[in-house]
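**Student:** Structure in C-alpha cells, see below.
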Amino acid sequence: MNDLPLAGVTVVSLEQAVAAPFATRQLADLGARVIKVERPGDGDFARGYDVSVHGQSSYFVWLNRSKESLSLDLKADEGREILFELLATADVFVQNLGPGATGRMGLGAEDLAARFPSLIVCDISGYGADGPWGTRKAYDLLVQAEAGLLSITGSPNEVAKAGISVADIAAGSFAYSGILASLYTRAVSGRVRSVSVSLFDALAEWMGSPAYYAQYGGESPRRTGARHATIAPYGPFTAGDGERVLLAIQNQREWERLCVEILAQPHLVTDPRFATNPDRVANREVLEQIITQAIEGFTADRLAGRLEEASIANARMNTVGELWAHPVLSERKRWRDVATPRGTIQALVPPASFTGVEPRMDPVPAVGEHSAAILTGLGRSGTDIAHLRSKAII
C-alpha cells in the first residue's frame with residue numbers, strides 16, 4: 001500500500017451526498033487516509049438514498065470505500081475540539097456542507113489558514129460562496145437547469161435530466177484535481193493554496209461546447225434525443241432485426257466509407273445535401289431515412305461487424321445491467337471485491353491505473369466505525385471515549 005501515490009497524506013472531510021465524497025474517494029483510491037466526519041446516528045444522509053445494495057444506498061457504497069468514519073457532533077464544543085485536533089496534523093480539509101455552515105463553526109478557509117498554516121482547505125459550494133447566490137441551496141438537478149444542460153438534453157418535445165448526478169460529479173472531479181495541484185504546490189514550493197469549487201462553475205465548464213455554439217452561432221443546440229446535436233450521422237439506427245446500433249461519423253473519410261462500404265450508395269458522397277457535416281445536420285431527417293432503408297437487410301450484429309470492418313465507430317445500446325457484464329470490464333479484470341457493513345460487493349477499480357501498483361479497495365465503513373480508534377490515536381482513554389458516547393458527541 002505504501003507504493004500508492006498519496007500514502008502518508010491525511011484528509012479530513014465534512015462531506016455529504018456526492019460531490020465531496022467523490023473527490024475524497026478518489027484521494028483514498030490513491031492511498032490517502034480519509035477520515036469522514038459524520039453526524040452521530042444516521043451519518044451522511046446519502047446512506048439513506050436507497051436500499052438497493054444489500055440494504056444499503058447505491059450512492060454511498062460507490063463513493064465511500066477505503067475511508068474511516070468518525071461520528072462527531074460539531075454543534076458541541078467537545079466535538080469541534082476533536083475536529084481541530086485532527087486538523088492540526090491533517091494535510092487536507094474538504095467540506096460541502098450547506099451555505100455558511102463551516103463559517104459559523106470557525107471552519108472557514110481563512111480561519112483555518114490562520115490556525116493551521118500547512119492545511120489545504122477545499123470548499124465545495126453550489127453557486128460559489130463569494131457570489132450573489134452564495135447562500136442559495138443547490139442540488140444536482142437544479143444546477144443542471146441553471147447551467148442550461150436541461151435545455152439541450154432530451155427529445156424535441158420534452159427536456160430530460162442527465163441520468164447521473166453530473167453537476168456533483170463534475171464538481172467532485174475538479175475538487176480532486178485542485179487538491180492534487182495544491183498538494184504538489186505545497187510539496188515543491190511550500191506555498192499553501194486553498195481550493196474552492198462550485199457545482200455551477202463545474203457544470204458550466206462542461207457546457208463549454210454548446211455555450212460557444214450558442215453564443216457565436218446564433219442559436220442553441222437543439223434537443224435531439226440520443227442523436228448528436230451538431231454532427232450527423234451520429235446516433236442510433238434500427239437494423240432489420242429491430243435492434244439498434246449507434247454509428248458515429250466524425251470526418252469526411254468516415255462519411256465516404258459509410259456511403260461506399262455500408263450503404264452501397266457512393267453517389268451520396270457528392271450529393272450537395274450531404275457534402276459537409278453542416279449540410280448533413282441541416283438535412284438530417286432525409287439522411288437518416290436513407291440510412292435506415294439501406295440497413296434493413298442487416299441484423300444489428302452484422303451491421304456492427306461491417307461498421308467495424310470499415311473502421312467506422314459504432315456501439316450497441318446497452319442497459320446498465322449489460323454494462324455490469326461488459327467484456328471490456330470483465331476481460332480486463334476491472335472488478336474487485338469490496339467489503340461493506342452488510343456484505344461483499346463488487347466495485348470497479350479506479351480508472352487511472354499505475355504500473356506495478358495494486359489499487360486500493362478497502363471496505364465501506366459503517367457510521368462511526370472508526371471513532372474509537374481515531375480518538376485513541378488522539379490520546380483519548382477508554383473512559384474519555386465512553387464519556388463522549390454517553391453525551392452523544394460521537
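**Student:** What full-extension length gain, to one decimal in nm, is calculated for Arg336 and Val269 as 0.36 nm per residue of separation minus the Cα-Cα distance?
**Tutor:** 19.3 nm
**Student:** Among Tyr139, Tyr212, what is the fewest-to-most ranking by other Cβ atoms within 10 Å?
**Tutor:** On the way: Tyr139 14, Tyr212 10.
The order, fewest Cβ neighbours first, is Tyr212, Tyr139.
**Student:** Pick out which of Leu323, Leu14, Leu70 has the largest mean-square fluctuation in a Gaussian network model of the chain, springs linking Cα atoms closer than 10 Å.
**Tutor:** Highest fluctuation of the listed residues: Leu323.
**Student:** Here is a further query. Which residues does the label zone of Arg306 cover in the stretch 225-250, counting backbone N under 16 Å from a point 7 Å along Cα→Cβ?
**Tutor:** Of the residues in the stretch 225-250, 237-248 have backbone N under 16 Å from the label point off Arg306.
**Student:** Normalised by the number of residues in the stretch 151-226, what is the relative contact order in percent for Cα pairs under 8 Å and 6+ residues apart?
**Tutor:** Values: 69 pairs, mean separation 33.6, N = 76.
Relative CO of the stretch 151-226 lands at 44 percent.
**Student:** Another one. Taking the chain as a Gaussian network, Cα atoms linked when under 10 Å apart, which of Ser194, Ser155, Ser182 shows the biggest mean-square fluctuation?
**Tutor:** Between Ser194, Ser155, Ser182, it is Ser155 that shows the largest mean-square fluctuation.
**Student:** Tell me the net charge near Ala170. Cut-off is 10 Å between Cβ atoms, Ala170 excluded, with +1 for each Lys or Arg and -1 for each Asp or Glu. Please list the in-between numbers first.
**Tutor:** Working: positive: none; negative: Asp140, Asp168, Asp201, Glu205.
Once positives and negatives cancel, what remains is -4.
**Student:** Nearest 0.05, what FRET efficiency do Ser353 and Asp111 give at R0 = 56 Å with Cβ-Cβ as r?
**Tutor:** 0.90
**Student:** Something else: Computed from the mean reciprocal separation of all distinct C-alpha pairs, what Kirkwood hydrodynamic radius does the chain have, in Å? Display every interim value, and only then the final one.
**Tutor:** Values: mean 1/r = 0.0416 Å⁻¹.
The Cα-based Kirkwood calculation yields 24.1 Å.
**Student:** Moving on to the next point. Projected onto the charge dipole of the stretch 50-128 (+1 at Lys/Arg Cβ, -1 at Asp/Glu Cβ, origin at the Cα centre), which of Leu63, Cys122, Leu112 gives the Cα projection farthest towards the positive end?
**Tutor:** Leu63
**Student:** Still on this structure, I have one more. What's the tally of Lys pairs in the chain whose alpha-carbon atoms lie under 24 angstrom apart, where the two lysines are 8 or more places apart or on different chains?
**Tutor:** 9
**Student:** Give me the mean projected area, in nm² to one decimal, of the convex hull enclosing the Cα positions of the stretch 124-249.
**Tutor:** Details: hull surface 45.0 nm².
Across all orientations, the stretch 124-249 yields a mean hull projection of 11.3 nm².
**Student:** Moving on to the next point. Using the Cα centre as the reference, give the magnitude of the dipole from point charges on the C-beta atoms of the chain (Lys, Arg: +1; Asp, Glu: -1; all else neutral), rounded to the nearest 20 debye. Mind showing how you got there, number by number?
**Tutor:** On the way: 38 positive and 45 negative charges, 81 e Å.
I would put it at about 380 debye.
**Student:** Stretched out fully, how many nm does the piece from Ser189 to Thr299 gain, at 0.36 nm a residue minus the Cα gap?
**Tutor:** Working: separation 110, 0.36 × 110 = 39.60 nm, distance 6.06 nm.
Roughly 33.5 nm would be gained on extension.
**Student:** Then there is this: Taking 2.2 N^0.38 Å as the expected size of a compact globular protein, what ratio does the Cα radius of gyration of the stretch 1-160 give against it, to two decimals?
**Tutor:** Details: Rg = 17.3 Å, N = 160, 2.2 N^0.38 = 15.1 Å.
After normalising by residue count via 2.2 N^0.38 Å, the value is 1.14.
**Student:** Further, regarding this structure: With +1 on each Lys and Arg Cβ and -1 on each Asp and Glu Cβ, and nothing else charged, work out how big the dipole of the stretch 124-223 is about its Cα centre, in Debye to the nearest 20. Don't skip to the end; give the middle numbers.
**Tutor:** On the way: 8 positive and 8 negative charges, 55 e Å.
Dipole size: approximately 260 debye.
**Student:** Shifting gears a bit: Under a plain spin-label model, where a point goes 7 Å from the Cα along Cα-to-Cβ, how far apart in nm are Thr376 and Asp42?
**Tutor:** 3.1 nm
**Student:** Using alpha-carbon pairs under 8 Å, 6+ residues apart, how would you state the relative contact order of the chain in percent? Can you show the working numbers first?
**Tutor:** Numbers: 672 pairs, mean separation 74.0, N = 394.
Reported as a whole number, the value is 19 percent.
**Student:** Working from the pairwise distances between different alpha carbons, so that the mean of 1/r is found and then inverted, what is the stretch 94-178's Kirkwood radius in Å? Working shown, then result.
**Tutor:** Values: mean 1/r = 0.0685 Å⁻¹.
One over the average 1/r among Cα pairs gives 14.6 Å for the stretch 94-178.
**Student:** Run through every distinct alpha carbon pair of the stretch 234-316 and return the Kirkwood hydrodynamic radius in angstroms, one decimal place. Before the final figure, lay out the partial values.
**Tutor:** Values: mean 1/r = 0.0795 Å⁻¹.
Taking the inverse mean of 1/r over all distinct Cα pairs, the stretch 234-316 comes out at 12.6 Å.
**Student:** Considering only C-alpha atoms, what is the centroid distance from the stretch 375-394 to the stretch 260-284, in Å?
**Tutor:** 73 Å
**Student:** Next question, about the same structure. Going by how many other Cβ atoms sit within 10 Å of their own, how do Glu243, Glu38, Glu358, Glu369 line up, fewest first? Walk me through the numbers on the way to the answer.
**Tutor:** Working: Glu243 15, Glu38 25, Glu358 12, Glu369 20.
The order, fewest Cβ neighbours first, is Glu358, Glu243, Glu369, Glu38.
**Student:** Hey, another quick one. Can you find, among Ala248, Tyr184, Thr344, the residue farthest towards the positive end of the dipole of the chain? Put +1 on the C-beta of Lys and Arg, -1 on that of Asp and Glu.
**Tutor:** Tyr184
**Student:** Next up: With angles folded into 0 to 90 degrees, how steeply does helix 208-217 sit against the dominant principal axis of the chain? Use alpha carbons for both and round to 10.
**Tutor:** It works out to around 50 degrees.
**Student:** Here's another thing I want to ask about it. Among Ala167, Ala19, Ala264, whose mean-square fluctuation peaks in a Gaussian network model of the chain (Cα, cutoff 10 Å)?
**Tutor:** The residue that fluctuates most here is Ala264.
**Student:** If you don't mind, there's one more thing I want to ask. Using 0.36 nm times the number of residues separating Ile164 and Thr292, minus their current alpha carbon distance, what extension gain do you get?
**Tutor:** Working: separation 128, 0.36 × 128 = 46.08 nm, distance 3.04 nm.
That works out to 43.0 nm of additional length.
**Student:** Show me, bin by bin at 10 Å from 0, the whole-percent P(r) of the stretch 28-73 based on Cα pairs.
**Tutor:** 27, 50, 23
**Student:** Which angle from 0 to 90°, rounded to the nearest 10, does the C-alpha axis of helix 284-294 make with the longest principal axis of the chain?
**Tutor:** Helix 284-294 and the main axis of the chain meet at about 70 degrees.
**Student:** Still on this model: Under the rule of -39500 (n - 2.57) per DSSP H run of 4 or more residues, summed and divided by the residues of the chain, what mean residue ellipticity at 222 nm is obtained, to the nearest 500 deg cm²/dmol?
**Tutor:** Numbers: 17 runs with 148 residues, N = 394.
Dividing the helical sum by the residues of the chain leaves -10500 deg cm²/dmol.
**Student:** Compute the angle between helix 19-29 and the longest alpha-carbon principal axis of the chain, please, reported from 0 to 90 degrees and rounded to the nearest 10.
**Tutor:** The answer is roughly 80 degrees.
Laboratory data are not the source of any read-out in this text; all were calculated from the coordinates shown. Remember, it's a predicted structure, so these values are computed and weren't measured experimentally. With ideal geometry, Cβ positions are generated from the backbone for all residues, glycine too; neighbour counts draw on all protein chains shown.
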